[in-house]
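Each remark here refers to the structure printed beneath this line.
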Amino acid sequence: MALGWMTKPSDGLTSGERLGTAGMVTAAALVGVAIAADGSVARLFNGAGGLLWLGSFAKNAWSVRRSPHREWSSVLVLGSSLVLAVGIKPHDPLLALLGFGAAGALVAALGARPAVTWALLVPGAWLPLHIGIAIGRAVMSSATEGAVAVRTDPPPTAAIVPLVMVAAAIAGGWIVQRILVLGQERSATVRSGSGAD
């Protein structure tokens, strides 16, 4: 299983954090299917994926509510999610990979633990921000121009973007978490070695 590392008890995540992570991955897959599908199937998958996305975001946010430095980490999550919601088109897989991977790594490096769960809050917060920005743009356009631009069909690659966003954030957080753990182990080994002299 490609994402088997996130379900192992040795990953440092609680069962609630693993559930929230699995929910985000599943939600991203459902939204991807909705983007690729048409009509009532698309609406069904989009609704289910969106609700699961928001529910998983809430589950992950609840899981880290007692983390030390949660205020600073929350600012990092919201700030990076806002930058991504404004700056990255939701149909470009390369920009999604780079943007969400970097944001996940940044939040994991500078934020609280568990790093992967905090990194996963970035795409979780992105969706409500993305929706809010789209509504705001439509209202502003309607108020200034009188007509709202009609959304066009997304390119074929857009269907993979939700999963790329979530996977990139997980990967960015996981890589930083592994680097931090290896650094701590190396420091502990050096300290124990120098104490033996």
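Since every read-out is calculated from the coordinates, none of them should be taken as a lab result. Since the structure is predicted, the reported quantities are computational estimates derived from the model, not experimental observations. Every residue, glycine as well, gets a Cβ built from its backbone with ideal geometry; the counts of neighbours run over all protein chains shown.
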Ranking L163, G99, A125 by how far each Cα lies towards the positive end of the charge dipole of the chain (+1 on Lys and Arg Cβ, -1 on Asp and Glu Cβ), the top one is A125
For every helix of n ≥ 4 consecutive DSSP H residues, a contribution of -39,500 (n - 2.57) applies; sum these over the chain, divide by its total residues, and give [θ] at 222 nm rounded to the nearest 500 deg cm²/dmol.
-> -27000 deg cm²/dmol
Sum of side-chain charges, E185 neighbourhood, beta-carbon under 13 Å (Lys, Arg +1; Asp, Glu -1) | +3
Given R₀ = 45 Å, FRET efficiency for N46-Q184 by Cβ-Cβ distance, to 0.05?
-> 0.60
Contour excess over end-to-end distance, with Cα ends at L98 and A58 and 0.36 nm allotted per residue = 12.0 nm
Summing +1 for each Lys or Arg and -1 for each Asp or Glu, what net charge is found among the other residues whose Cβ lies under 9 Å from the Cβ of V64?
-> +3
Using +1 on the beta carbon of Lys and Arg, -1 on that of Asp and Glu, and nothing else charged, what's the dipole of the chain about the Cα centre, debye to 20?
-> 400 debye
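Say a site is exposed when it is one of the trypsin sites (Lys or Arg not before Pro), sits in a DSSP loop, and has at most 13 other Cβ atoms within 10 Å; what is then the longest site-free stretch of the chain?
Excluding the exposed sites themselves, the longest stretch runs over 67-150.
Classify the stretch 71-171 as rounded, prolate or oblate from the Cα gyration tensor: take a ≥ b ≥ c as the square roots of its eigenvalues, call it rounded if a/c is under 1.5, otherwise prolate when a/b beats b/c and oblate if not.
Here the stretch 71-171 falls in the oblate category.
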Full extension from L19 to S192: what is 0.36 nm times the residue separation minus their Cα-Cα distance, to one decimal in nm?
-> 58.6 nm
Could you grab the relative contact order for the stretch 12-183? Cα pairs under 8 Å, six or more apart, rounded to a whole percent.
-> 31 percent
So how compact is the chain: Cα radius of gyration and Dmax in angstrom?
-> 18.8, 78
